[in-house]
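The values are calculated or read from the model by the stated rules, or taken from the named source; none is laboratory data. Note that this is a predicted model, so its numbers are computed, not measured. Virtual Cβ from ideal backbone geometry, glycine too; neighbours counted across all protein chains shown. Just so you know, the surface numbers come from the protein's heavy atoms only, side chains and all, with ligands and any DNA or RNA stripped out. Shrake-Rupley method; radii C 1.70, N 1.55, O 1.52, S 1.80 Å.
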Amino acid sequence: MTDHFIEDKTTKVTVAVDNTGAQKVDFNDLKSGGFIKQRQKDLFTVRLRCPGGRLSTEKLLEISKIAHKYSKKGVVHFSFRQSLEILYVDYKEFSNVVAELEKIGQKVASCGPRVRVPTACGGCEYNPNGLTDTQKMADMVDKTFFGTPTPHKFKTSFSGCPIDCARTKEMDMGFQGVVDPTWEEESCTGCTICSEACKEDAIASDPDTGKPIFDPVKCLFCGDCIRACPTEAWKPKRYGHIVRIGGKHGRHPMEAVEVCSFLPDEKVPEAIKMTIDWYNANGKRGERIGNALKRVGLDNYLKYMEPVFQNTAKAGA
Amino acid sequence: MSDSTIDLRGVMCPINFVKTKLKLEAMNPGEILEVILDSGDPIQNVPKSIKEEGHKIVEVKKEGDFFRLKVQRS
Ligand code: HEM
Ligand code: HEM
Ligand code: SF4
Ligand code: SF4
Ligand code: SF4
């Protein structure tokens, strides 16, 4: 008896699930839902949906119990995209696993040609370098766009600062936190700490006064100068994201290109939506957005994105 | 004028910060600690950490390869 359904909203494929676990399972359907076939006969990896790689300890305790019950080998794996994978799950038990996960509010991830679970670093909530709330953004993107169909997979990530731990340069679409530093002469004592603190040589000290001489071309907008200045002469003018497009990993890695140098938080959803629209209109089936951009031309994309990216002038300008 | 001095030349991050923090915590609010730091990583990191702890950097002097800071305990 089937009393529960997991619907893959992207393909409208309905995977029948029942609590007795005796249901036939269609492997083709399951491919879209984060069940990954293992080498071992009948055994699968169940990949969980953990945006930003964050879990409450409460949920983790419950997941542990489920993993312990269903993993034939009693192991989990932290995937490279921050999801927790329960290994060695017998496909005949999928329905039970999913039902138990549902009960604790834990969803299964996606595979295939669609928007994937976003990854993110710790960001400004607790990382001292963080400039943007990467975890909040990842959660928002996951809630809004997860599973949206695209010509091929579409991976996003959020890094809180130019150190770029979340590797935005390798994403189909990546967002990296930046801050625009602004300097007020009155509070500056000419101590030269900011020019020492800047790792990019973007701040020279005036040989006479010790006061900073700022070079926006060299600046990465990391905010080290703001944090280091003892008198708050350097202040944050605004926070935002550098947006990068068309990166990927795999056999033929490509580096994403910067398409916007300062996008505020509130424009991120629109930028993603428009990019997905462009990709769906221009990308061929099985083509990553980076390849679509090469074939169709970056200008075409930029023109399409103008309504979102306009008036997002470069920081330091 | 400072109430105490800590010479952190040759001390690595983040031990230099931890030593500064412990020293400050042993002092009374408002007292001044003189901190001597190498240029490079130490001067890039220690002042911002001192600030994040709520203490005030009231004076900074560069002397060749190192910095002499006056920090007021919060
Ligand atoms: C049935 C469909 C698929 C399943 C179940 C699947 C499963 C997986 C899994 C489990 C990972 C590791 C994920 C992680 O570390 O979080 C992965 C990574 C990856 N997959 Fe797939 N995959 C599928 C289809 C594809 C296809 C069609 C491609 C490319 C054409 C692809 C390209 C990649 C790449 C490039 C990575 C790793 C790099 C990265 O994190 O960006 N996958 N996949
Ligand atoms: C466990 C499942 C899978 C994993 C981990 C995986 C992983 C990968 C990886 C890492 C790449 C290189 C991608 C890149 O260059 O970005 C790739 C390429 C590819 N995969 Fe998969 N894949 C999986 C399943 C599948 C399935 C089920 C299909 C098709 C039905 C598929 C079709 C392809 C194709 C066509 C490419 C070439 C794309 C390109 O080079 O641009 N993969 N896969
Ligand atoms: S990218 Fe920046 S904010 Fe994010 S973890 Fe790395 S250092 Fe911290
Ligand atoms: S924001 Fe720019 S000027 Fe300030 S420390 Fe970073 S790179 Fe240097
Ligand atoms: S760190 Fe602050 S006070 Fe010192 S020189 Fe730079 S701007 Fe002026």
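From A:Cys124, A:Cys161, which residue is in a loop (DSSP other than H, G, I, E, B), within 16 Å of ligand 3 (Cβ to nearest atom), of a type in the set (A, V, I, L, M, F, W, C) and within 14 Å of chain B (Cβ to nearest Cβ)?
A:Cys161
(1) away from ligand 2 (no atom under 16 Å from the Cβ); (2) surrounded by 21 or more Cβ atoms within 10 Å (Cβ to Cβ); (3) not aromatic (Phe, Trp, Tyr): which one isn't true of A:Asn127, the others all being true?
Just one mismatch for A:Asn127, condition (2).
Tell me the residue from B:Val18, B:Val35, B:Val58, B:Val46 that is at pLDDT 90 or above and in contact with a Phe, Trp or Tyr (Cβ under 6 Å, 6 or more places away or on another chain), please. Outline the logic, then answer.
Working: B:Val18 fails: in contact with a Phe, Trp or Tyr (Cβ under 6 Å, 6 or more places away or on another chain); B:Val35 fails: in contact with a Phe, Trp or Tyr (Cβ under 6 Å, 6 or more places away or on another chain); B:Val58 fails: in contact with a Phe, Trp or Tyr (Cβ under 6 Å, 6 or more places away or on another chain).
Sole residue among the options that is at pLDDT 90 or above and in contact with a Phe, Trp or Tyr (Cβ under 6 Å, 6 or more places away or on another chain): B:Val46.
Take the residues in the range A:49-59 that are touching a residue at least 24 places away in the same chain (Cβ under 8 Å) and open to solvent by 40 Å² or more (accessible area, probe 1.4 Å), then tell me which one is nearest to the chain's Cα centre (by Cα).
Filtering the range A:49-59 for residues touching a residue at least 24 places away in the same chain (Cβ under 8 Å) gives A:49-55, A:59.
Add one more test, that the residue is open to solvent by 40 Å² or more (accessible area, probe 1.4 Å), and what stays is A:49, A:53-55, A:59.
On the way: A:Arg49: 13, A:Gly53: 10, A:Arg54: 12, A:Leu55: 15, A:Lys59: 21 Å.
Filtering the range A:49-59 for residues that are touching a residue at least 24 places away in the same chain (Cβ under 8 Å) and open to solvent by 40 Å² or more (accessible area, probe 1.4 Å), the one nearest to the chain's Cα centre (by Cα) comes out as A:Gly53.
All but one of (1) more than 13 Å from the chain's Cα centre (by Cα); (2) more than 11 Å from every other protein chain (Cβ to nearest Cβ) hold for B:Asp41, so report the exception by its number.
Only one criterion in (1) more than 13 Å from the chain's Cα centre (by Cα); (2) more than 11 Å from every other protein chain (Cβ to nearest Cβ) is unmet by B:Asp41, namely (2).
Condition first: charged (D, E, K, R) and either in contact with a Lys or Arg (Cβ under 7 Å, 6 or more places away or on another chain) or closer than 16 Å to A:Asn282 by Cα (or both). Now tell me which residues in the range A:147-176 satisfy that. So that I can check it myself, show each step before the final result.
Of the range A:147-176, the ones charged (D, E, K, R) are A:153, A:155, A:164, A:167, A:169-170, A:172.
Scanning the range A:147-176 gives A:Lys153, A:Lys155, A:Lys169, A:Glu170, A:Asp172.
So in the range A:169-211, with the set limited to residues that are out of contact with any strand residue (DSSP E or B) (no Cβ under 9 Å at 6 or more places or on another chain) and of a type in the set (Asp, Glu), which one is nearest to ligand 5 (Cβ to nearest atom)?
Only one residue tops the list, namely A:Glu185.
Under 26 Å from A:Cys124 (Cβ atoms), within 14 Å of ligand 5 (Cβ to nearest atom) and of a type outside the set (Val, Ile, Thr): is that true of B:Lys48 in this structure?
When the stated conditions are applied, B:Lys48 passes them.
Run down A:Thr45, A:Thr119 and say which single residue is among the β-branched types (Val, Ile, Thr) and within 16 Å of ligand 3 (Cβ to nearest atom).
Sole residue among the options that is among the β-branched types (Val, Ile, Thr) and within 16 Å of ligand 3 (Cβ to nearest atom): A:Thr119.
Which fully enclosed strands (runs of 3 or more DSSP E) of the range B:27-74 have 3 or more residues being surrounded by 18 or more Cβ atoms within 10 Å (Cβ to Cβ)?
B:32-38, B:66-72
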